[in-house]
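Remarks on the structure that follows.
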Amino acid sequence: MVINNLSSYFKLTSLIYIFPIILVFSKFIAEIFILFIFFYLFIFQSQKTLEIIKNEKFLKYFLAYIIILIIISFFSLDLFASLKRSVTLFRFLFFIIFLKYFFFTNERKLVQLLAITSIFLVLLSIDIIYQYFNGDDLFGFPSANYGTRNSGFFGDELIAGGFINLFFFPCLLLFKTKKYKLISFFLLILYPSTILFTGERSSFFLMILGLAIALPFLIKNKNSLIALILSLILMSISLYNSPVVKERMVETTIAQISKGYDKKYFKDKKFTKEYQSNSISKKNDIAFLNSGWGAHFLTSIEIFKDYPLTGSGLKTFRKICSEKKYEKIKSLNYKNRCATHPHQIYFEILSETGIIGSIFFIFLISILFKNIFLDTFSKKGEHYSVLLIVIPLILKLWPLTTTGSFFTNFNLITFSFFLGLALSIKNINFQKIN
């Protein structure tokens, strides 16, 4: 097996056990690691790697998707930026292959990865909670946005909630072990309150979704059920006793859903003036579309209308959203329509890759989940355990929430990481995890 050879000759591959930690503190090192995997497989194991791709249906379609994105890039409004992004996607394909076979029929390796990740998530959670109450975290990083946003070790990158959401659910498998179930117990207790204190509302919603999906697994185990009950009690107390958190997570959310904006907008004299002058002509009947996110969504739809087949090109939303013609969107926040991306992966893919890229993306995801669930139901009595590995992909691809850009390095790294784990499912005997 090609990956076994890789593991034997290069101790560097052992970094995969602490890869989630590396991703937090140094994305550069994480990129170097992925590039190492890519070059080794491409240069020294190209024939065997091609055989692996041929024998795995999803990998063949993933390769085809990359090629399609490269072709689409030649129709981009910014050829260099789009081509650079699409060509470099090859490294993630090779990273997925590495992960799939690194955990090949080796439950011990998976448990080691999850144990180290769980310990780190507990430390990250403690740091975020400390930051909320203290104002600074253990490294001196301050809270952001008047104390409503806390990201701990991530510093000024306000993505801790999304990170914890993704890596948390596979770690619940440790409840099946004797050695590590205690760390999972504490992690589950801290998890909901930590997400609450990050101030990331989309992460909070996805946390609830993830726990709902994982519930059949959690209620089967006495320890996990007790931890879940304690965690929900702690979260409720935290929410009730924190006016700052309650205002952001509850009141602001309700205001933006029901009105599209909240009272802080009126502190901006320009917004007040625009609101008064355009309250009829620019106000959208769907309240959310009057928010900044709604303006991003509407702009992406207009871009798609202008470039329906191939889109405007990867990484071009940021370049053309400011064009005057997109002021016509019906949103009170039409002047805030610009960002580096539309803040929703499906609108991003639709506007930047058009019908061709969007259809193939949805087809690719359909193939992925079809294969995963076929593997799931082939494992008698272990359906819920398998589902824990898949939850991060479900959360990553959930359409009813705002998101980061799908094509940033960080999101592609985490996405490919969980793709590799998910594709390894059929090689793992979950009954041996103990």
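Readers should treat all values here as calculations from the given coordinates under stated rules, not as data from a laboratory. In this text, all values refer to a predicted model and were calculated from it rather than measured experimentally. FYI the Cβ positions are ideal-geometry reconstructions off the backbone, even for glycines, and counts take in every protein chain you see.
Computed over region 297-434, the Cα gyration tensor eigenvalues convert (square root of 5λ each) into semi-axes of 37, 14, 12 Å, ordered from largest to smallest.
With Cβ to Cβ distances under 13 Å as the rule, what net charge do the other residues near F406 carry (K, R +1; D, E -1)? Before the final figure, lay out the partial values.
Working: positive: R85, K315, K396; negative: E348, E352.
Result for the local shell: +1.
Neighbours of F141 by Cβ distance under 15 Å: Lys/Arg scored +1, Asp/Glu scored -1, total -4.
According to the calculation over all Cα-Cα pairs in region 279-320, the P(r) per 5 Å bin from zero is 5, 21, 25, 20, 14, 11, 3, 0 %. Calculation over all alpha carbon pairs of region 179-265 in 5 angstrom steps from 0 returns a P(r) of 3, 14, 21, 22, 16, 11, 7, 4, 2, 1, 0 percent.
Note on E251/I226: beta-carbon distance plugged into 1/(1 + (r/R0)^6) with R0 of 22 Å gives a FRET efficiency of 0.10.
Using all pairs of distinct alpha-carbon atoms, the Kirkwood hydrodynamic radius of region 116-221 works out to 13.9 angstrom. Report note on the peptides 317-326, 198-207: ranked by the mean count of other C-beta atoms within 10 Å, highest first, their order is 198-207, 317-326. Over all projection directions, the Cα-based convex hull of region 13-60 averages an area of 4.0 nm².
According to the Cα gyration tensor, what semi-axes, each the square root of 5 times an eigenvalue, does the equivalent ellipsoid of region 121-164 have, listed from largest to smallest in whole Å?
Semi-axes from the Cα gyration tensor: 14, 12, 8 Å.
Size descriptors for region 20-125, from the alpha-carbon set: Rg then Dmax equal 16.6, 48 Å. If you take all other residues with their beta carbon under 15 Å from the beta carbon of L187, and give Lys and Arg +1 and Asp and Glu -1, the sum is +2.
Taking 0.36 nm per residue of separation and subtracting the current Cα-Cα distance, fully stretching the chain between T408 and F363 would add 14.1 nm. Modelled spin-label separation between K84 and K259, with each label point placed 7 Å from Cα along the Cα-to-Cβ direction: 4.2 nm.
Any chance you could check the Cα centroid distance between region 284-344 and region 384-415 for me, in angstrom? One Cα centre to the other: 23 Å. The convex hull defined by the C-alpha atoms of region 70-165 has an orientation-averaged projected area of 9.4 nm². Cβ screening of the chain for cysteine pairs under 4.7 Å finds these without a partner: C171.
Two numbers describe the Cα atoms of the chain: Rg and Dmax, which are 22.4, 69 Å.
Spacing of the modelled spin labels on I126 and F39, each 7 Å from Cα toward Cβ, amounts to 3.8 nm.
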